[in-house]
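Report on the structure given below.
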Amino acid sequence: MHVSIAKEQVSSQNSFITLINYRWVDCMMSRGKPDEDDYWNSSKFKAFTFDDEDDDFTKLKESKKAVNSIRLLDEDDDDDDDVEKVSWSGEPIGSISWSVKETASSIRSTGEVRDQGFPKIDTAPSLPKQGSSYSLSSLFKAKSRTAGFSSFSESVSDTSTRVYAPELRKPKAEYKDYVSDWNPEETVRRMQRGKVYSLERFRSLQDKMLLLDEAVSAHDGNVITAVLIFLKRSLSKEILFRELTDREIALRHYVHYLKEMGEQRLLVDLLKSLGRTEDMALMQYKEHLNIKDENRRRDFLKNCLSLPFSPDDSTHVQDHYTLLERQIIIEANDKKGDSDIFRKYPRKASILNMPIITTLYYSCFYHYGESEGTYSSPANIRKTFRISDKQYILTALGARAKLKSWLDVDSLFNSKNWLGYTKKRSPIGFHRVVDILHKNNAPVQVLQEYLCLVDDTEQKISLAQKYKCHNVIINTYKDLKDRQQLIAYRGKVERGSPEDRLIEELLNSQIRWKN
């Protein structure tokens, strides 16, 4: 028997409770007798016994039964279309007063949310203030009941209001930065762009060589060097050398890298494996720069003499060894400083590891005049190391002019012809001799002597004017028989000076002038 509820407005709490009781009675009476017996005779819970054990499968069956009972209850109540739905305040849902209150409540709740600062945290528990829109009949329907009470329970359980900024989803392209499964082309492209990359996934020799070829094709030296460093660390040197043989560009980059890093031994092994014996010998010879002790360096150079150098390089290495050997002997003797020249001109530095020209200058300064049989003799050094005449004259002239030894300077240029006459000759030109003498503060008489030996007339006059050698200029104009130039130059010298008197004598002489 179906009991209907009278359509009148409920305005008090007592009428509200009465309405709930009527609805419950209506629901119970609507059940059939068989359903009621099944309900009371069945139980969803089992009694506790020590013999039975609850497992997950039994719990799952009980949960399924409970869900099915809710669905049956919902189907029984679907036909109650004539029941009026009212809100918790007792007003019929859908009426004008109910709509106005619902709108005002939603606007007020929206304003409260806007007033909250970001990211403000309210620790005080709060319940929703808007009026509920659930009817009495919805309490007994599964769908409405599930949706309504879940929201209500969430509101009660949420003891704090938290407002956070939304998290933006990253583009899918960025997630590729964390994936290391790239082919050689993609890996090289990422290396060029400065993105995250990994070379460890290239494990087989074929993959590594494909990566190297791709780096070479990109024409990027930094990428090629980075890949070569990876191959150097992950491959044995024999395999790496073999693969680089057919890759000339990568090989040049690798050789340059080893030179910059100072890995001389590995570079020597590489050149040796490539059959470049001369380059290998030069690289091994270059290691002498890292040896500080002179005796050990001498022994190392002696061992280098057997390396397969080219003819010119072999001569250079032989001279280097001989020079260092003599420098060690000369240094040991001169370190004592027993002679007068060492006391008058103390040494400022050691001669060890100095170039050949510096050694020759040292020998001309401290050991000039020694017999050719001694290691420190300038003549011995000149002969042993095949020093040219120009280089020897320039070096010896500078050393002897520094000491103001003008007789030794003259001896450098004196030579006898086949008739036995002495004549001055210079392989470097006397204009350069004059410049060196002037830099070493040579007296005017010495400068005039060598100025007269300059062949070019204009150059001779120019140098004489530069160094104020008046006699040279006067005699030059005399030889040229140029009276006008001599008269013009007389105005440049001091009146009554020896040069002025010399010009006057020449002008009054019986010389046949050109003008």
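The values are calculated or read from the model by the stated rules, or taken from the named source; none is laboratory data. All values reported here derive from a predicted model rather than from experimental measurement. Glycine also receives a Cβ, built like all others from the backbone with ideal geometry; neighbour counts cover every protein chain displayed. Please note that ligands, DNA and RNA were not included when accessible areas were found on the heavy atoms of the full protein model with its side chains. Shrake-Rupley method; radii C 1.70, N 1.55, O 1.52, S 1.80 Å.
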Label point at T322 placed 7 Å out along Cα→Cβ; residues across segment 296-310 whose backbone nitrogen lies under 15 Å
302, 305
Could you compute the FRET efficiency for N353 and T374, with r as their C-beta to C-beta distance and R0 at 22 Å, rounded to 0.05?
0.55
Debye log10 I(q)/I(0) for segment 280-375, one point scatterer per Cα, at q = 0.16, 0.19 Å⁻¹
-0.73, -0.94
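Given a Förster radius of 56 Å and the C-beta distance between S310 and E505 as r, what FRET efficiency does 1/(1 + (r/R0)^6) yield to the nearest 0.05? Could you put the intermediate results ahead of the total?
Values: r = 67 Å, r/R0 = 1.20.
For R0 = 56 Å, the calculated efficiency reads 0.25.
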Taking segment 237-389 and dividing mean pair separation by its residue count, relative contact order in percent (alpha carbons under 8 Å, at least six apart)
12 percent
I want to check the label-to-label distance for L205 and D389. Put each point 7 Å from Cα in the C-beta direction and report it in nm to one decimal.
6.4 nm
For segment 272-322, shape from the Cα gyration tensor axes a ≥ b ≥ c, cut at a/c of 1.5 then a/b versus b/c, turns out oblate
Out-of-range pairs (alpha-carbon distance over 24 Å; input K344/K383; K237/K286; K302/K383):
K344/K383
Along principal axes, Cα extents of segment 389-513, largest first, whole Å
46, 35, 21
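Listed highest first by mean packing, meaning other Cβ atoms within 10 Å per residue, what order do 289-302, 225-238, 417-430 come in?
Values: 289-302: 13.6, 225-238: 15.5, 417-430: 11.6.
Descending packing order for the listed peptides: 225-238, 289-302, 417-430.
Work out the FRET efficiency for I341 and D293 from their Cβ-Cβ distance, taking R0 = 25 Å, and round it to the nearest 0.05.
On the way: r = 29 Å, r/R0 = 1.17.
With R0 = 25 Å, the Cβ-Cβ based efficiency is 0.30.
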Anisotropy class of segment 341-381 from Cα gyration tensor, a/c 1.5 cut:
oblate
Provide the gained length on full extension for the span K468 to C452, in nm with one decimal, where the gain is 0.36 nm per separating residue minus the Cα-Cα distance.
4.4 nm
If I stretch the segment between L274 and D410 completely, what's the gain in nm (0.36 nm per residue apart, minus their alpha carbon distance), one decimal?
43.3 nm
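I need the shape label for segment 357-440. Rule: rounded when a/c is under 1.5, else prolate if a/b > b/c, else oblate, with a, b, c from the alpha carbon gyration tensor.
Details: a/c = 1.67, a/b = 1.19, b/c = 1.40.
Oblate shape, in that a/c is at least 1.5 and b/c is the bigger or equal ratio.
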So how far, in whole Å, is the C-alpha centre of segment 314-382 from the one of segment 203-281?
45 Å
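Calculate what fraction, in whole %, of the accessible area of segment 451-500 sits on carbon and sulfur atoms when a 1.4 Å probe is rolled over the protein chains.
Values: 1250 of 3000 Å².
The nonpolar share, carbon plus sulfur, comes to 42 percent.
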